[in-house]
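These notes concern the structure reproduced below.
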2 protein chains.
Amino acid sequence: MPTDARTTTRVRAADELKHAALEQFSTVGFAGTSLQHIADEAGYAKSSVLYHFASKEALLEAAIEPAVAGFEDVLEIFLAGRGGRRDARRHELVDRVVDLLLEHREAVHVFLTQGQSLAELPIIARANVAVRRLAAAVCEERESVDDQVRFGIALGGAAFLLTAGRTFADEATMPTDDELRDALRRIIADILTPAPTPSN
Amino acid sequence: MPTDARTTTRVRAADELKHAALEQFSTVGFAGTSLQHIADEAGYAKSSVLYHFASKEALLEAAIEPAVAGFEDVLEIFLAGRGGRRDARRHELVDRVVDLLLEHREAVHVFLTQGQSLAELPIIARANVAVRRLAAAVCEERESVDDQVRFGIALGGAAFLLTAGRTFADEATMPTDDELRDALRRIIADILTPAPTPSN
DNA sequence: ACGCTAATTGACCGATCGGTCAGAGACTGC
DNA sequence: GCAGTCTCTGACCGATCGGTCAATTAGCGT
């Protein structure tokens, strides 16, 4: 059993590597990222990356697993919940998903935009299942084209905004995360509710 | 001056390569795509790719330039237009952008999601400028956080839906492009119009 | 039939890829 | 002080990367 000092050292190195890896995976893609570059960014040698993680795929899994687990948790909470009206439950779901997006924005961007090409990796397959179940839960029995489009735009759009969107943000007008959280909660709930006639 | 047969042959080869390249660039990313794989997909040798295009970067430029030019055109039409109310002009802009997204979905996905990491390439820099100008045009003088978020979600979400979104689409429920066009026009216009009070 | 050019290809180049391995320091418990 | 373990590293491996080049094939006008 390792000592505290050892544990923190090991954990810190692994965390630094995961963080550097996520940044690269979400901007240049998994296939386009080299272990050498990740190591350089984090201040280690390439061999050190493969000491802490068995392979490039294992590093990806370790980096995005918390985000995938978060989606699964949020989904189960929503599916298990019986109390409250449908509106309230859905608002809760949106709030939780927005929190997830803000906390794990890079990881979510990775498995949303590369879920196709990396589908053979178990962790990505898990993420794809979670996203599909989330879509089914949000659209419920209504499976019209509009509902699918609204869900896809809301989820993909939020993920885009929080990562790639920074490319197009004006110089000093970058909103804080709290401003973003507030805006995203309102706007996404708005998008998923198809402009109901006010008396509905 | 080449003959018709020669021209069509040359054009067809270049088009096949551009099409194969776009599919790879939009799914695994520019850095993660190899010329060898592009050549294999299109049925040519790697040397042939570099015969038709001076470099990997030149291939990217040739593949996405029409999409970038389309954005620039749509933007200028919108900025030059004086007639009609603001609503009508904005609806026209949305319709044209949706058409662009449907026609050039892969190219748009490329420069939206990789505009950060490829910013040093001239064609990508051009695309980034066009997107920024489009954002400014849509939000006009109103530069609230909400407006920026709505624009980012609408554009990024639509691009996501049309490419990566297929990963999560249910088996046989894939809508046709015409259904998508119709839904996108209505929903995006809806998203960009911040839930006006009905009597407004 | 001939020469010319466009189109395509395989062989090859240096660099970099993901991954292996033996060993060098650093720190632990004894 | 010493053995043991954890962390980290450079040297090295076969494969693949983007790119060059000379040679081959095919089709054109004359």
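Being open to solvent by less than 10 Å² (accessible area, probe 1.4 Å) and more than 18 Å from A:Val97 (Cβ to Cβ) is the filter here, so list the residues in segment A:149-190 that pass it.
Of everything in segment A:149-190, just one residue is open to solvent by less than 10 Å² (accessible area, probe 1.4 Å) and more than 18 Å from A:Val97 (Cβ to Cβ), namely A:Ala164.
Output yes when any residue across segment B:43-54 is open to solvent by 20 Å² or more (accessible area, probe 1.4 Å), closer than 27 Å to B:Leu162 by Cα, within 13 Å of DNA strand C (Cβ to nearest atom) and in contact with a helix residue (DSSP H, G or I) (Cβ under 9 Å, 6 or more places away or on another chain), and no when none is.
Taking every residue of segment B:43-54 in turn, at least one turns out to be open to solvent by 20 Å² or more (accessible area, probe 1.4 Å), closer than 27 Å to B:Leu162 by Cα, within 13 Å of DNA strand C (Cβ to nearest atom) and in contact with a helix residue (DSSP H, G or I) (Cβ under 9 Å, 6 or more places away or on another chain).
Scan A:Lys56, A:Lys46 and give me the residue that is within 13 Å of DNA strand D (Cβ to nearest atom) and within 14 Å of chain B (Cβ to nearest Cβ). Can you show your working first?
Working: A:Lys46 fails: within 14 Å of chain B (Cβ to nearest Cβ).
Among A:Lys56, A:Lys46, only A:Lys56 is within 13 Å of DNA strand D (Cβ to nearest atom) and within 14 Å of chain B (Cβ to nearest Cβ).
For segment A:103-148, enumerate the residues that are part of a loop (DSSP other than H, G, I, E, B), open to solvent by 60 Å² or more (accessible area, probe 1.4 Å) and more than 22 Å from A:Ile188 (Cα to Cα).
Hits for segment A:103-148 are A:Gln116, A:Glu120.
Pull out all pairs, ordered by first then second residue, where Cβ-Cβ is under 9 Å, the residues are six or more apart or on different chains, the first lies in segment B:109-132 and is assigned by TED's automatic domain parsing to the domain that holds B:Ala31, and the second is among the β-branched types (Val, Ile, Thr) and outside any helix (DSSP H, G or I).
none
Just checking, does segment B:57-66 include any residue being open to solvent by less than 60 Å² (accessible area, probe 1.4 Å), without any contact (Cβ under 8 Å) to a residue 12 or more places away in the chain and within 10 Å of DNA strand C (Cβ to nearest atom)?
Checking segment B:57-66: not a single residue is open to solvent by less than 60 Å² (accessible area, probe 1.4 Å), without any contact (Cβ under 8 Å) to a residue 12 or more places away in the chain and within 10 Å of DNA strand C (Cβ to nearest atom).
Answer yes or no: is there a residue in segment B:70-79 that is more than 23 Å from B:Val138 (Cα to Cα) and within 14 Å of chain A (Cβ to nearest Cβ). Give the steps one after another, and end with the answer.
Within segment B:70-79, the first condition is being more than 23 Å from B:Val138 (Cα to Cα), and the residues that meet it are none.
No.
When you scan segment A:147-165, how many residues do you find that are more than 7 Å from chain B (Cβ to nearest Cβ) and among the charged types (D, E, K, R)?
1
The values are calculated or read from the model by the stated rules, or taken from the named source; none is laboratory data. Worth saying up front: this structure is predicted, and the values here are computed from it rather than measured. Cβ: placed from backbone, ideal geometry, glycine included. Neighbour counts: every protein chain shown. Heads up: the accessible areas ignore ligands, DNA and RNA and are worked out on the full protein's heavy atoms, side chains in. Shrake-Rupley method; radii C 1.70, N 1.55, O 1.52, S 1.80 Å.
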